[in-house]
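The values are calculated or read from the model by the stated rules, or taken from the named source; none is laboratory data. This one's a predicted model, so the numbers in the text were calculated from it and none came from an experiment. When we count neighbours, we look across all protein chains shown, and the Cβ atoms used for this are built from the backbone with ideal geometry, even at glycine.
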Amino acid sequence: MARSLNQVTLMGNLTRDPELRQTPTGQNVTSFSLALNRSYKDQSGQWQEATDYIDITSWGPLAERVAQYLSKGRRCLVQGRLQSRSWEQDGVKRNKVEVLASDVTFLDARGEGNEGGEGSSSHGGNAGASSKPAPAQKKDDVVIEDIGDEPINLDDIPF
């Protein structure tokens, strides 16, 4: 029997602040929703904008970091898998498909969203884009400098 693949990668903006809760066993769980914008051409050839809203759930230490660093409007990259749930409410059977996050990368610097400071990711690194160039760094007598977003001239490449 062949195995299936259930892998999702989404990038969008939070529609609300993450909600951190604890299960009765003490495990942390965070729920939030992403707005995913897309463009398409309608039947008349005009460009239209549409937004999809996707519910995300994260567990454990990832849930704590999401609740601590993300807020409404912030951009993030979510990797995980689709999960479906079914339940009955008021005699009506309900179904829901959501993303169970295995990794969340925070894409904006905190100053670009609702909070101040530098960017971070679920790994603890700096994934935010800075509006000013980073200062030159020196490592083992080699100066490393951020060249910004300037295009690379192919004639400058020595090979």
Would you confirm whether or not segment 41-54 contains a residue that is surrounded by fewer than 16 Cβ atoms within 10 Å (Cβ to Cβ) and among the aliphatic types (A, V, I, L, M)? yes
Collect the residues in segment 12-29 that are touching a residue at least 40 places away in the same chain (Cβ under 8 Å), part of a strand (DSSP E or B) and either of a type in the set (S, T, N, Q) or farther than 21 Å from residue 61 by Cα (or both), keeping them in residue-number order. 12, 13
Among 150, 88, 64, the single one that is of a type in the set (D, E, K, R), modelled with pLDDT of 70 or more and either surrounded by 18 or more Cβ atoms within 10 Å (Cβ to Cβ) or outside any helix (DSSP H, G or I) (or both) is 88
Would you please list the contacts, defined by Cβ atoms under 6 Å and residues six or more apart or on different chains, that run from a residue in segment 76-101 that is without any contact (Cβ under 8 Å) to a residue 40 or more places away in the chain to a residue that is assigned to a strand (DSSP E or B) and of a type in the set (Asp, Glu)? 83/98
